[in-house]
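The values are calculated or read from the model by the stated rules, or taken from the named source; none is laboratory data. Being a predicted model, the structure only gives us computed values, none of them experimental. Here the Cβ is made from the backbone with ideal geometry for all residues, glycine too, and neighbour counts use every protein chain on show. With ligands, DNA and RNA removed, areas are computed over all heavy atoms of the protein, side chains included. Shrake-Rupley method; radii C 1.70, N 1.55, O 1.52, S 1.80 Å.
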Amino acid sequence: MNGNDILARLGETIDSRKPEAGGDPSASYVAKLFHKGLDSILKKIGEEATEVVLAAKDGDPAKLTYEVADLWFHSMIALSALGLKPADVLNELARREGLSGLEEFAARPKG
Ligand SMILES: N=c1c2ncn([C@@H]3O[C@H](COP(=O)(O)OP(=O)(O)OP(=O)(O)O)[C@@H](O)[C@H]3O)c2ncn1[C@@H]1O[C@H](COP(=O)(O)O)[C@@H](O)[C@H]1O
């Protein structure tokens, strides 16, 4: 199973549900969310993030996995709404690979 492939495929499916791509809100959850608008998408992200925190506090691995999947999924809808692809996030993570978070933080411009 290649995670990059799954994210790329899901990203394409999400893009295909956009209003300009002919997404049908009566037949698709993603199209329905696009139809409701960006604020509704962002509200779902806030809700799902809270669910992730609660699942982690519960210490239930299966529930945490389920809730993180929901959070990633809704975050991907927000990315699509703003014209971004899963590859944009994967490229950013790849750019950071091997770069210590502490070193990166220390190198940030002070302001
Ligand atoms: N990965 C997902 C996925 N994860 C979660 N969900 C849906 O996200 C919704 C929100 O979850 P919640 O638990 O918050 O449900 P809810 O509180 O009842 O939802 P609302 O009150 O906010 O409407 C549920 O309806 C889930 O079924 C998903 N719906 C779709 N996908 C993928 O997106 C593809 C396209 O889906 P459609 O656009 O529906 O065809 C699918 O083939 C899947 O690959």
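Data table
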{"read-out": "Value of [θ]222 nm, deg cm²/dmol, for the chain, DSSP H segments ≥ 4, -39500 (n - 2.57) each, nearest 500", "value": "-23500 deg cm²/dmol"}
{"read-out": "The chain - percent relative contact order, Cα under 8 Å, separation 6 or more", "value": "24"}
{"read-out": "Neighbourhood net charge (12 Å Cβ-Cβ; Lys/Arg +1, Asp/Glu -1) for Glu12", "value": "+2"}
{"read-out": "Calculated FRET efficiency for the pair Ala8/Arg95, C-beta based, R₀ 22 Å, to 0.05", "value": "0.75"}
{"read-out": "Carbon and sulfur %, accessible surface of the chain computed with the full protein complex present, 1.4 Å", "value": "60"}
{"read-out": "Hull volume in cubic angstrom per residue (convex hull over the Cα atoms of the range 16-73)", "value": "75"}
{"read-out": "Cross-link partners of Lys44 among lysines (Cα-Cα below 18 Å; sequence separation of 8 or more within a chain)", "value": "Lys18, Lys32, Lys36, Lys63"}
{"read-out": "The chain: C-alpha pair distances exceeding 15 Å, %", "value": "71"}
